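Down below is the structure, laid out as structure tokens.
The values are calculated or read from the model by the stated rules, or taken from the named source; none is laboratory data. Remember, it's a predicted structure, so these values are computed and weren't measured experimentally. Glycine gets a Cβ as well: all are built from the backbone with ideal geometry, and neighbour counts include every protein chain shown.
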Amino acid sequence: MASNKEDNVDGAARAGEESDGGGSDKEEGQNAGQEQGQDQGGEEEEVKELAVGDDPDILDLDLNHERIGRIENLEGLTRVETICLRWNLIKRIENLDCLAETLTELDLYDNQITELENLGALVNLTSLDVSFNRIRKIQGLEGLSKLRKLYLVSNKIVKIDNLSSLKNLELLELGDNRIRKIEKIEELTKLKELYMGKNKITKLVLKLLLYFSVRNSIILFVFQDRELGLPDGPPHPEHPEQPHRQAGEPGQANCP
């Protein structure tokens, strides 16, 4: 699993264009993971069990497009550092406490998760991706003091909240949600990148922008909301030849 995911918003292409900037429900055709639970006849597909193999020393676990329905059977992984479970049928975040000492990156992009839960034990986690799920509220992140990158693209989040404990957070992606106001990020003293494309934000707080621009040397606010009439976002900091793609634009996912 790739650790550098600055182009993660690329996957929001599947969210489709919405006239209100992504505020309405997008259940139909929003993403593959949320729809692969049923076949064309409306019957549920077979859900598979998570199988990790026989190598307890594996460092990177990638199980994508496997129709996995539950996070389980991870107790034997004694050294795993990254887990990528993209495009599955997972409904809950659970059974991860056994990985607390080693896990640094967790990717649950494009599943059916409705709540951020059972993450408190992952004290060494530096990157968390739960984009393209069904999350409505930011919560349950209090114990993740080492988290540097948080991806919550294309969910149903209406408010920025419960981030004050993330003292080391450098990148926050909230594109394609239902957020109307930038708020409660003043305590994120190490924040350098904030992506908010395709929300319902109609007003920018100039004082807040200036505050971050002066204090942090590289703060990037990326918007493409029609109401604001702002231009495309700036180039990727590590890939200046390519602009940072927004929700609703084509792009490739990061995990194989």
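Within region 150-161, identify whether any single residue is buried (at least 23 other Cβ atoms within 10 Å of the Cβ) and part of a helix (DSSP H, G or I), and answer yes or no.
Within region 150-161, none of the residues are buried (at least 23 other Cβ atoms within 10 Å of the Cβ) and part of a helix (DSSP H, G or I).
So GLU101 clears everything in (1) under 17 Å from TYR151 (Cα atoms); (2) assigned to a loop (DSSP other than H, G, I, E, B) except one condition, right? Which one?
Condition not satisfied by GLU101: (1).
Restricting attention to region 104-116, and to residues there that are farther than 18 Å from SER145 by Cβ and of a type outside the set (A, V, I, L, M), which single residue is surrounded by the most Cβ atoms within 10 Å (Cβ to Cβ)?
Keep residues of region 104-116 that are farther than 18 Å from SER145 by Cβ, which gives 107-115.
Checking which are of a type outside the set (A, V, I, L, M) leaves us with 107, 109-112, 114-115.
Numbers: ASP107: 26, TYR109: 26, ASP110: 29, ASN111: 26, GLN112: 20, THR114: 16, GLU115: 16.
Filtering region 104-116 for residues that are farther than 18 Å from SER145 by Cβ and of a type outside the set (A, V, I, L, M), the one surrounded by the most Cβ atoms within 10 Å (Cβ to Cβ) comes out as ASP110.
Regarding region 124-132, can at least one residue be identified that is under 21 Å from VAL153 (Cβ atoms), part of a loop (DSSP other than H, G, I, E, B) and either in contact with a Cys (Cβ under 9 Å, 6 or more places away or on another chain) or at pLDDT below 95 (or both)? Working first, answer last.
To start, the set of residues in region 124-132 that are under 21 Å from VAL153 (Cβ atoms) comprises 125-132.
Checking the rest, the ones that are also part of a loop (DSSP other than H, G, I, E, B) come to 125-126, 130-132.
Checking which are either in contact with a Cys (Cβ under 9 Å, 6 or more places away or on another chain) or at pLDDT below 95 (or both) leaves us with none.
Scanning region 124-132, I find no residue that is under 21 Å from VAL153 (Cβ atoms), part of a loop (DSSP other than H, G, I, E, B) and either in contact with a Cys (Cβ under 9 Å, 6 or more places away or on another chain) or at pLDDT below 95 (or both), so the answer is no.
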